[in-house]
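The structure appears right after this line, and notes come after that.
The values are calculated or read from the model by the stated rules, or taken from the named source; none is laboratory data. If you're wondering where the values come from, they're calculated on a predicted model, not measured in any experiment. For neighbour counting, all protein chains shown are included, and Cβ atoms are generated from backbone atoms with ideal geometry for every residue, glycine included. Accessible surface is based on the protein model in full, side chains and every heavy atom, while ligands, DNA and RNA are left aside. Shrake-Rupley method; radii C 1.70, N 1.55, O 1.52, S 1.80 Å.
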Amino acid sequence: MPTLQKFASFSHELGKGTHNLTSHTLKALFTNTAPNLSTNAVLADLTDIAAAGGYPAGGVTLDGVSWTTSGGVAKLTITDEVFTAMGASVGPFRYVAIYNATAAGGPLIGSADYGSALTLADGESLTLDFDASTGVLTVE
């Protein structure tokens with residue numbers, strides 16, 4: 001997965017206690033419209049692709065979310081997620097945005113750009129490959 005770039009609003013919302021990264025549900029939203037990292041703040045600011053082929057409206061729930069601290073550095077890790085199109089194609093989409101599905105409004109965390117639009121044919125898979133060693137993001 002390409003490098004996740006955090007939304008500017010994430011740091012502010014983290015400081016306000018909006019995100020509880022040890023217990024809130026995080027989702028990956030597929031979009032073909034470029035997110036604006038400076039101004040987008042909540043789920044409604046993004047354009048979800050159509051629900052089809054097993055891709056649900058509002059995105060894919062991420063498993064294995066962990067927020068740990070060691071040596072004064074907090075790290076968000078997420079287990080790799082494999083999404084497989086089933087029964088129909090999924091896409092096109094170019095961006096995957098991570099957001100907090102538990103907190104009101106769905107505050108945004110970060111977005112990754114695949115560089116060009118992807119369409120998954122029925123039966124094709126995409127692995128959202130989150131780096132377990134360095135984490136999705138860190139706060140020092």
Considering only protein heavy atoms and a probe of 1.4 Å, how much of the accessible area of the chain is carbon and sulfur, as a whole percent? 50 percent
Residue-level accessible surface for TYR114, protein heavy atoms, 1.4 Å, Å²: 50 Å²
Between the alpha carbon centres of segment 75-126 and segment 1-29 the gap in Å comes to 15 Å
So, over other residues within a Cβ distance under 13 Å of PRO107, counting Lys, Arg +1 and Asp, Glu -1, the net charge is +1
For Cα extents along the principal axes in Å, several values are listed as (1) 45, 29, 26; (2) 42, 38, 22; (3) 47, 33, 25; flag the one computed from this structure. (1)
Heavy-atom surface of segment 42-87, accessible at 1.4 Å and reported per residue (Å²): 49 Å²
Sort LEU108, LEU137 by accessible area with a 1.4 Å probe, largest first. LEU137, LEU108
